[in-house]
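Below: the structure, in structure tokens.
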Amino acid sequence: MSKIEFNIRDLKTGEVVCAEFPDLATAQTWLEDRPAFTQVLRLVTTLEPQTEARLREAMRPLDEQERAFMLEAEQAAEAERMAELARLQEIKDNTPKDPNRPMTLRWTLSTGLTVADASDDREITDAARTAVLAWIAERDTWVEGRGQRVAAASVSVWPGPIPSGNEADRIPPGGTFVPGTRTPDA
């Protein structure tokens with residue numbers, strides 16, 4: 001049989017290396033006496049399932065100190081991730097937002113026009129309302145021949161000055177709508 005390889009990690013440094021053994025017996029002996037604070041990540045060499053299971057059973061389990069060290073390291077890494085997320089959120093929250101940036105509006109037959117983003121506290125301007133309702137009315141003409149009408153829509157719109165200065169650009173491409181059956185009274 002050829003050499004046996006494992007990916008292992010030094011729990012103290014986090015370094016991952018490949019441990020190579022000349023034969024199965026040497027690999028099994030090493031697993032039985034696995035050095036402290038060394039974690040076997042995976043078997044690299046392809047073996048028969050029975051042989052792989054035998055090696056797994058032979059491996060010395062992590063002792064109480066090793067498990068405690070791993071748990072502490074995982075908790076520290078999680079705390080670091082959460083601190084980084086909080087830092088990024090603070091940057092995002094403190095970044096001044098352009099009041100004239102596009103806003104996403106949602107329209108449904110039952111609720112009318114609303115701001116889609118709950119964190120967007122801007123009021124819907126008359127210009128935005130007029131443009132979105134005209135956009136919906138145009139799409140209504142597209143589906144009315146099939147006995148349908150727009151039932152819901154999601155549209156981005158410039159609420160204030162349009163960067164191009166052209167009113168036709170108030171609603172950037174990408175709006176979506178869902179048609180529904182037109183009722184006899186509609």
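The values are calculated or read from the model by the stated rules, or taken from the named source; none is laboratory data. Owing to the predicted nature of the structure, the values given are computational and were not obtained by experimental measurement. Note that each Cβ is placed from the backbone with ideal geometry, even for glycine, and that neighbours are counted across all protein chains shown.
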Of all residues making up the stretch 14-57, the number that are within 19 Å of Leu71 (Cα to Cα) and within 35 Å of the chain's Cα centre (by Cα): 8
Residue selected from the stretch 117-143 under the condition outside any helix (DSSP H, G or I) and closer than 18 Å to Glu167 by Cα, by the criterion nearest to the chain's Cα centre (by Cα): Ile124
Hits in the stretch 5-54 (condition: among the aliphatic types (A, V, I, L, M) and over 28 Å from Glu72 (Cα atoms)): Leu24, Ala25, Ala27, Leu47, Ala53
Meets criteria (loosely packed, with under 10 Cβ neighbours inside 10 Å and either in the same structural domain as Ser154 (by TED's automatic domain parsing) or under 24 Å from Arg9 (Cα atoms) (or both)) for Thr51: no
Filtered residues of the stretch 69-105 (kept if of a type in the set (Asp, Glu) and either under 24 Å from Val115 (Cβ atoms) or in contact with a strand residue (DSSP E or B) (Cβ under 8 Å, 6 or more places away or on another chain) (or both)): Glu90, Asp93, Asp98
Pairs where the first residue, in the stretch 22-33, is farther than 15 Å from Glu52 by Cβ and the second is small (Gly, Ala, Ser), C-beta under 7 Å, 6+ apart: Glu32/Ala58
Of residues in the stretch 91-100 being more than 19 Å from the chain's Cα centre (by Cα) and free of Cβ contacts under 8 Å to residues at least 12 places away in the same chain, the one surrounded by the fewest Cβ atoms within 10 Å (Cβ to Cβ): Pro96
Test: residue in the stretch 47-70 that is outside any helix (DSSP H, G or I), under 30 Å from Arg170 (Cβ atoms), touching a residue at least 40 places away in the same chain (Cβ under 8 Å) and of a type in the set (A, V, I, L, M, F, W, C): no
Options Trp142, Trp158; residue that is aromatic (Phe, Trp, Tyr), free of Cβ contacts under 8 Å to residues at least 24 places away in the same chain and surrounded by 11 or more Cβ atoms within 10 Å (Cβ to Cβ): Trp142
Out of Met82, Met103, sole residue that is in contact (Cβ under 8 Å) with a residue 40 or more places away in the chain and more than 26 Å from Asn7 (Cα to Cα): Met103
Matching residues, the stretch 1-16, being out of contact with any Phe, Trp or Tyr (no Cβ under 7 Å at 6 or more places or on another chain) and of a type in the set (Asp, Glu): Glu5, Glu15
